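The values are calculated or read from the model by the stated rules, or taken from the named source; none is laboratory data. What you are looking at is a predicted structure, and each value in this text was computed from that prediction instead of being measured. As a convention, Cβ positions derive from the backbone with ideal geometry for all residues, glycine included, and neighbour counts pool all protein chains shown. These accessible areas exclude ligands, DNA and RNA; they are computed on the full protein's heavy atoms, side chains included. Shrake-Rupley method; radii C 1.70, N 1.55, O 1.52, S 1.80 Å.
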Amino acid sequence: MGTLNHLSLGWLTPALSYLMACTGAALGLRCTLRGLAASGPARRNWLITAAAAIGSGIWTMHFVAMFGFTVDGTELRYNVPLTVLSLVVAVLVTGLGLTVVCYGRHRGLSLLSGGVTTGLGVAAMHYLGMAALRMHGGLHYDAGTVALSVLIAVGAATAALWAAVTIRNVYTAAAAAMAMGLAVSCMHYTGMAAVHVRLEPTRTVLGGVSPMEFVFPLAVGLGSFLFLASAFVALSPTAQERAGYREAGELAVEEVPAAPPHPERAWHEPTPAAAGRRDAERHDRAA
């Protein structure tokens, strides 16, 4: 059995991964709220952004935490296609859950269906990411702990979706994002607690890439996307604010007084009295 270490870099990786999970959750909840207030293509675009935010936030949280995971006696590498597939699954399944919630007619049933779908997607992302791990040995899981991690994922997803469609206060939404980030982190480390490694001494070269060659640049890129998108969404006006701006603009147009005649035009246009004298002169000359 290999000796596992989940905190080889100390508390840096848990803290940073939690920050990424909170950022993705906050951005996703905000975009979902914007989507609920919109309609047509605008709603679809907001939900796509929300799915990308939550999915990439969870994925980044997982692999940032994995930087602190080591196994004595073997190096760790990652299979690139499976790693990318885990990201795609996280985004697509999250998007499916959000769609069920935002377009469903029965709120309670939609929340339950969306929460189960999104939670299973989060769990699938985690275990696909673990399946991408390459080492001189094999991974084995404790079934009971795996089931517990899936339940945590479903509960966290359901609570997050409920918060997305219910909470309107900014401070409460921030608290909900922090709670969701904590739940996702708990799901990750619960799933990692189920892992057991059986080493197989061999001299064969491991396939895949090291974390610094592929996972780290991708995690940095997604993290930058989350922070930049958060700034954009925070600064963009809501539907209510845009409606207020339009109403204020219409009132301003109505209050503008009619413009006086142009000075040059007024100089050349004769007054009624002058026009009358001019017509009389023309009549006398004709006589």
*asked:* Taking a ≥ b ≥ c as the square roots of the Cα gyration tensor eigenvalues, with a/c under 1.5 meaning rounded and otherwise prolate when a/b beats b/c, else oblate, which class fits the stretch 50-127?
replied: prolate
*How much of Arg134 can a 1.4 Å solvent probe reach, expressed as accessible area in Å² and rounded to 10?*
80 Å²
*Taking all protein chains as present, what is the carbon and sulfur share of the accessible area of the stretch 128-175, in % to the nearest whole number, probe 1.4 Å?*
70 percent
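Measuring with a 1.4 Å probe in the full set of protein chains, what accessible area per residue, in whole Å², belongs to the stretch 67-200?
44 Å²
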*Just grab the label-to-label distance for Leu182 and Tyr141, each label 7 Å out from Cα along the Cβ direction, in nm (one decimal).*
2.6 nm
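Which percent of the accessible heavy-atom area of the stretch 63-123 goes to carbon and sulfur, probe 1.4 angstrom?
Values: 1820 of 2640 Å².
That fraction is 69 percent.
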*Which ³J(HN,Hα) values, rounded to whole Hz and listed in residue order, are derived for the stretch 20-32 from phi using the Karplus coefficients 6.51, -1.76 and 1.60 in 6.51 cos²θ - 1.76 cosθ + 1.60 with θ = phi - 60°, glycine and proline given as x?*
5, 4, 5, 5, x, 5, 4, 5, x, 5, 5, 5, 5
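Students often check this: by mean Cβ neighbours within 10 Å, which of 11-24, 170-183 ranks highest, and how do the rest follow? Intermediate results must be reported in sequence, preceding the final value.
Values: 11-24: 20.7, 170-183: 17.4.
The peptides rank, most packed first, as 11-24, 170-183.
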